[in-house]
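Student: Below is the structure I would like to discuss, written out as structure tokens.
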Amino acid sequence: MQVSEAIGRALADRGVEVFFGLVGSGNFTVANALHAAGATFYSARHEGGAVMMADGYARACGKVGVVSVHQGPGFTNTLTGLTEAAKSRTPLLVLAADTPAEALWSNFKIDQAALATTAGAIAERVRGAMTAAEDVVRALRRTQVERRPVVLNIPINVVEAFCADNALAIPDWPALEPPFPSDRSVAQVADLLASSDRPVIVAGRGAALAGAREALEALGDQVGALLATSAVGHGLFAGHPYCVGIAGGFSSSLAVQLLAEADLVLAFGASLNHWTMRHGRLFSPSARIVQVDLDEEAIGALHRVDVGVVGDAAQAAWAIVGELDSRDVRKEGFRSKVLAREIATRRWRDEPYEDRGTAEYIDPRTLSIALDDLLPIERTVATDSGHFLGYPSMYLAVPDQQGFVFPQAFQSVGLGLGSGIGTAIARPDRLCIAAIGDGGALMALGELETAARYRLPMVVVIYNDAAYGAEVHHFGPMGHPVDLTRFPDVDFAAFARAVGAEGITVRGNGDLSSIKGWLERRDGPLVIDAKVNPGVRAEWLGEAFRAH
């Protein structure tokens, strides 16, 4: 069989059902072989969009995202999204065509392995025809075991060569159990909990990936802990009566008040970065900090830690529960029926605010609350980066941890639309809501056509303030001119209709009425061009600036 066929069959045999990319001459045979082996191909309009589709797909369904790209510029176009995936530890496999070693003067020649490594990904290579299947299986395994993107460089002079028919007879590696924490560290955490009166559990993406909800809720019940998440762990405790939501800049006023009272913070799979810690002001300076993480280098890297636990979040939580049981420790902590009622009635959407809607603009908070009411709760919310991003994060409820896709590790604008398309493909049983800004929408405008071409039943909400809002609200109050960050208004609804999607313009709640009709059809993407009041500064952004 040809090497391209061996690559395609090796991936399909190991569960690759969907892949993304753009087809060029260099990756033509591999893309066609993987498609022929049974994987569905989604063609983006830009490789940056393709890699974010794969990233969103992986985050929303837990499978490896796979991308196929041309060599040279096809690969370099992936770099921003690839960096986001690397910083977020997304299991992603990039099948990158590559120039042969002997092609010294090819226009496409560039050191793709060095670029991949610089972006934080793992660089692998198909070494030759006889090892091609083994190389691709190894690369796929590394994405899963190391939870990092792998760029598999495939020389174009190898893919049409032939390999033995038994090349696919590759033994499977043994299944690996998640690491269990040491008895000493578990005992140290139990000691702290035994003397704590007001513990808080903060769960990050590591806890979500470990499937730690049941274990963490059991631990919280035992010691009366409040439950919170980092932004990327949002949804893990959805529906729990003692979950106060996202810890950090997106915290409600009630959450800020309660978390400040904590005397012990247990962080599971959370990096404790300055966003989660509200620039060091979220918790009392006297609160003791425990950090549980698979990566020992992450413990204490961004915030002081009193006890570090190396291990899987779920395994560690169950071990701590067992240790507390053996000591007969059980506490009420924060918990009471009165507090549970207060948490239920003081969500972000319950916070009072002055509605700054006008005849021309809708208030972004009013828009977000209305969308939360109108759209079904079985949803996946995918955000872009920018001034607006707090609104969908704070106001749009999600059903679980896979219902929130938050590609913010690189803080790049323009990644959210591709990410949303990937989530829509990953979870067709849920309504995908891609929440993006006008700046990010224009960066990724071609992917509106992708969503329309595949008739994806998703909602694209564009918080359109005709500006790079973060810069306006950062530098404007300092007295700096911000004209260079403002732009003429764009009619995104017209753009949407031009590429075959449905588009509506929203300046007030009444303009949202047509959503109900679309929800009955769901025959393609709906683009909501929401003209939000550019004078409203997001609460989270104000908090960030007060920290400096």
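Since every read-out is calculated from the coordinates, none of them should be taken as a lab result. Because the structure is a prediction, the values reported are computed rather than measured. Don't worry about glycine lacking a Cβ; one is built from the backbone with ideal geometry, like all the others, and counts go over all protein chains shown.
Student: Hey, fewest Cβ within 10 Å first, where do SER385, SER195 land in order? Don't jump to the answer; show the numbers that get you there.
Tutor: Values: SER385 23, SER195 10.
The fewest-first ordering by Cβ neighbours comes to SER195, SER385.
Student: A further question on this structure: Would you be so kind as to identify which of ALA58, ILE122, VAL16 lies farthest towards the positive end of the dipole of region 3-168, taking Lys and Arg as +1 and Asp and Glu as -1 on Cβ and the Cα centre as origin?
Tutor: ALA58
Student: Using Cβ counts within 10 Å as a stand-in for footprinting exposure, how do TRP318, TRP173 rank, fewest first?
Tutor: TRP173, TRP318
Student: Separate question: Determine the sum of side-chain charges near GLY269: Lys and Arg each +1, Asp and Glu each -1, restricted to other residues whose C-beta is under 12 angstrom from that of GLY269.
Tutor: Within the 12 Å Cβ shell, the charges total +1.
Student: Looking at the square roots a ≥ b ≥ c of the eigenvalues of the Cα gyration tensor of region 21-95, which shape do they give, rounded for a/c under 1.5, prolate if a/b is larger than b/c, or oblate?
Tutor: Here region 21-95 falls in the oblate category.
Student: For ARG304 and ASP111, calculate 0.36 nm times their separation in residues minus their Cα-Cα distance, and state this gained length in nm to one decimal.
Tutor: Details: separation 193, 0.36 × 193 = 69.48 nm, distance 3.90 nm.
Here the answer is 65.6 nm.
Student: What does the charge dipole of region 348-546 about its Cα centre add up to, to the nearest 20 debye, if the Cβ of each Lys and Arg holds +1 and the Cβ of each Asp and Glu holds -1?
Tutor: Approximately 380 debye in magnitude.
Student: Say the dipole of region 3-168 comes from +1 at the beta carbon of Lys and Arg and -1 at that of Asp and Glu; which of SER68, ALA86, SER43 then lies farthest toward its positive end?
Tutor: ALA86
Student: Still on this structure: Under the classification rounded if a/c is under 1.5, otherwise prolate if a/b is larger than b/c and oblate if not, where does region 3-168 fall, given a ≥ b ≥ c as square roots of the Cα gyration tensor eigenvalues? Spell out each step's value before the answer.
Tutor: Numbers: a/c = 1.43, a/b = 1.11, b/c = 1.29.
The shape class here is rounded.
Student: What is the chain by shape, rounded, prolate or oblate, if you read a ≥ b ≥ c off the alpha carbon gyration tensor as root eigenvalues and call it rounded for a/c under 1.5, prolate for a/b larger than b/c, and oblate otherwise?
Tutor: Since a/c reaches 1.5 but b/c is at least a/b, the shape of the chain is classed as oblate.
Student: Run the reach check for LYS63 against lysines, Cα to Cα strictly under 21 Å, same-chain hits fewer than 8 apart removed. What comes back?
Tutor: LYS87
Student: Find the Cα radius of gyration of region 348-546, compare it with 2.2 N^0.38 Å by division, and give the number to two decimals.
Tutor: 0.95
Student: Are there any chymotrypsin sites (Phe, Trp or Tyr not before Pro) in region 348-419 that are in a DSSP loop and have at most 15 other Cβ atoms within 10 Å? List them by number.
Tutor: Those that pass, being in a loop and sparsely packed, are TYR353.
Student: Distance in nm between label sites at ASP350 and SER253, each 7 Å beyond Cα in the beta-carbon direction?
Tutor: A separation of 1.3 nm, rounded to one decimal place.
Student: So what is the calculated 222 nm ellipticity per residue for the chain, using -39500 (n - 2.57) for each DSSP H run with n of 4 or more, over all residues, to the nearest 500 deg cm²/dmol?
Tutor: Taking each H run of at least 4 residues, the total per residue is -10500 deg cm²/dmol.
Student: Right, here's the next one. For region 209-310, build the convex hull from the C-alpha positions and give me its volume per residue in Å³.
Tutor: 96
Student: Could you please rank TYR463, TYR42, TYR242, placing first whichever residue has the fewest other Cβ atoms within 10 Å of its Cβ?
Tutor: In order of increasing Cβ crowding within 10 Å: TYR42, TYR242, TYR463.
Student: Under the Karplus relation 6.51 cos²θ - 1.76 cosθ + 1.60, θ = phi - 60°, what is the ordered set of whole-Hz ³J(HN,Hα) values for region 400-411, x standing for Gly and Pro?
Tutor: 6, 5, 7, x, 9, 10, 10, x, 10, 5, 9, 6
Student: So what is Rg over Rh here for region 346-420, counting just Cα atoms and using Kirkwood for Rh? The partial results should precede the final answer.
Tutor: Working: Rg = 13.2 Å, Rh = 13.4 Å.
Rg/Rh: 0.98.
Student: Please name which of PHE410, ILE170, ALA466 has its Cα lying farthest along the dipole of the chain towards the positive end, using unit charges on Cβ (Lys, Arg +1; Asp, Glu -1) and the Cα centre as origin.
Tutor: Going by the Cα projections, it comes out as ALA466.
Student: Would you mind working out the magnitude of the charge dipole of region 3-168 relative to its Cα centre, with +1 at each Lys and Arg C-beta and -1 at each Asp and Glu C-beta, to the nearest 20 Debye?
Tutor: Working: 15 positive and 15 negative charges, 114 e Å.
In total the dipole reaches around 540 debye.
Student: Another question, then. Treating only the Cβ atoms of Lys and Arg (+1) and Asp and Glu (-1) as charged, compute the dipole magnitude of the chain about its Cα centre; round to the nearest 20 debye.
Tutor: Charge dipole, the chain, about its Cα centre: 280 debye, nearest 20.
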